[in-house]
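Engineer: Sharing a structure with you now.
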Amino acid sequence: ISACPISVLGGPSPTSEYAAEGTMLHTFGENLLTGKPLPAVGEVFTVEGFTFKVTDEHIELATTYADNIKAQPWEGSPNIEGRVHYGRVLNTPHNMSFGTADCSGILNLPEIGRCLGVDDLKGGRKFVPATALQLYIYAAGVIQSHFDTFPLPMDMPVRLRIHQPRLAKTPQTH
């Protein structure tokens with residue numbers, strides 16, 4: 001079961017206030033990871049047709065996510081909010097099967113060595129396991145995106161993490 005089934009199937013994502021708030025949190029996380037400024041607490045932020053007043057909680061959630069990403073032993077800089085195509089995995093046309101991997105790159109972890117890391121931010125209050133289908137498909141998309149330009153070793157481990165800062169300060173790993 002996927003936490004974001006429409007996205008995984010490549011269809012248009014229906015927008016809700018909750019989804020728009022998640023998009024806002026992704027934007028704030030991306031800003032923190034790429035050195036762009038955050039809006040001030042109390043500032044109005046509009047996304048996907050919904051307007052939010054930025055709160056301390058929004059800043060704290062994005063900061064928790066960004067700090068967890070920065071603490072990882074990445075080889076170089078990770079890819080932040082990168083589009084991935086996973087048509088080969090789903091046997092669908094390339095331009096119909098894509099999504100955005102929140103963070104991906106090569107890690108060098110003491111417990112498993114060099115591996116592909118794929119991280120996903122969830123801003124909601126509902127628990128999503130690190131074994132969610134969406135994360136596996138995004139990992140396959142990251143691998144597919146490297147296939148033609150920089151093939152990854154077939155035996156390279158993959159470390160999946162879900163960040164749910166409203167539920168826990170540390171991400172779940174699979």
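The values are calculated or read from the model by the stated rules, or taken from the named source; none is laboratory data. Because the structure is a prediction, the values reported are computed rather than measured. Cβ: placed from backbone, ideal geometry, glycine included. Neighbour counts: every protein chain shown. Surface areas here come from the heavy atoms of the whole protein model, side chains and all, with no ligands, DNA or RNA. Shrake-Rupley method; radii C 1.70, N 1.55, O 1.52, S 1.80 Å.
Engineer: From the list (i) 16.0, 48; (ii) 25.4, 79; (iii) 17.1, 51, can you say which value of Rg and Dmax of the Cα atoms in Å was derived from the structure given?
Structural biologist: (i)
Engineer: Using θ = phi - 60° and the Karplus curve 6.51 cos²θ - 1.76 cosθ + 1.60, what whole-Hz ³J(HN,Hα) does each residue of segment 102-108 get, with Gly and Pro shown as x?
Structural biologist: So the Karplus estimates, Gly and Pro as x, are 4, 7, 8, x, 9, 10, 10 Hz.
Engineer: Quick check: with the 1.4 Å probe, what order do 18, 136 take by accessible area, largest first?
Structural biologist: Ranked list, largest accessible area first: 18, 136.
Engineer: Identify the residues of segment 51-88 with backbone N under 16 Å of a label point that sits 7 angstrom from the Cα of residue 125 along the Cα-to-Cβ direction, or state none.
Structural biologist: Only 57-58, 61 pass the distance filter.
Engineer: Determine ³J(HN,Hα), in whole Hz, for all residues of segment 23-34 in sequence, where each value follows from phi through the Karplus function 6.51 cos²θ - 1.76 cosθ + 1.60 and θ = phi - 60°; x replaces Gly and Pro.
Structural biologist: Couplings: 4, 4, 5, 4, 4, 5, x, 4, 4, 5, 7, 10 Hz.
Engineer: From the phi of every residue in segment 154-167, what ³J(HN,Hα) in whole Hz does the Karplus formula 6.51 cos²θ - 1.76 cosθ + 1.60 yield, where θ is phi - 60° and glycine or proline is x?
Structural biologist: Residue by residue, segment 154-167 yields 4, 9, 5, x, 10, 10, 9, 9, 10, 9, 10, x, 6, 9 Hz.
Engineer: Also, quick follow-up: Relative contact order for the chain: what percent, with Cα pairs under 8 Å and sequence separation of 6 or more? Don't skip to the answer; put the middle values down first.
Structural biologist: Details: 299 pairs, mean separation 37.2, N = 174.
The value is 21 percent.
Engineer: Okay, moving on. If amide hydrogens are placed 1.01 Å from N in the peptide plane, which non-local residues have theirs closer than 5 Å to the one on residue 109?
Structural biologist: 114, 115
Engineer: When the helix-only estimate is applied to the chain (DSSP H runs of n ≥ 4, each -39,500 (n - 2.57), divided by the residue count), what is the mean residue ellipticity at 222 nm, nearest 500 deg cm²/dmol?
Structural biologist: On the way: 5 runs with 56 residues, N = 174.
The helix contribution divided over the chain gives -10000 deg cm²/dmol.
Engineer: Can you list residues from other chains, or at least 5 along the same chain, whose modelled amide H is less than 5 Å from the amide H of residue 159?
Structural biologist: Amide H to amide H, under 5 Å and 5 or more residues apart or across chains, residue 159 pairs with 116, 117, 118.
Engineer: Still on this structure, please answer the following. Quick one: if you stick a label point 7 Å off each Cα along the C-beta vector at residue 34 and residue 91, how many nm between them?
Structural biologist: Going by the 7 Å Cα→Cβ label model, 3.6 nm.
Engineer: Still on this structure: Which of the listed residues, 66, 82, 95, is farthest toward the dipole's positive end in segment 43-110, when Lys, Arg count +1 and Asp, Glu count -1 at the beta-carbon?
Structural biologist: 95
Engineer: Within the set of other residues whose C-beta is less than 12 Å from the C-beta of residue 132, count the net charge using Lys and Arg as +1 and Asp and Glu as -1.
Structural biologist: On the way: positive: 122, 126, 161; negative: 120.
Around residue 132, the charge tally is +2.
Engineer: Using a 1.4 Å probe and ignoring any ligands, DNA or RNA, find the accessible area of residue 94 and quote it in Å² to the nearest 10.
Structural biologist: Spelled out: residue 94, probe radius 1.4 Å, area about 110 Å².
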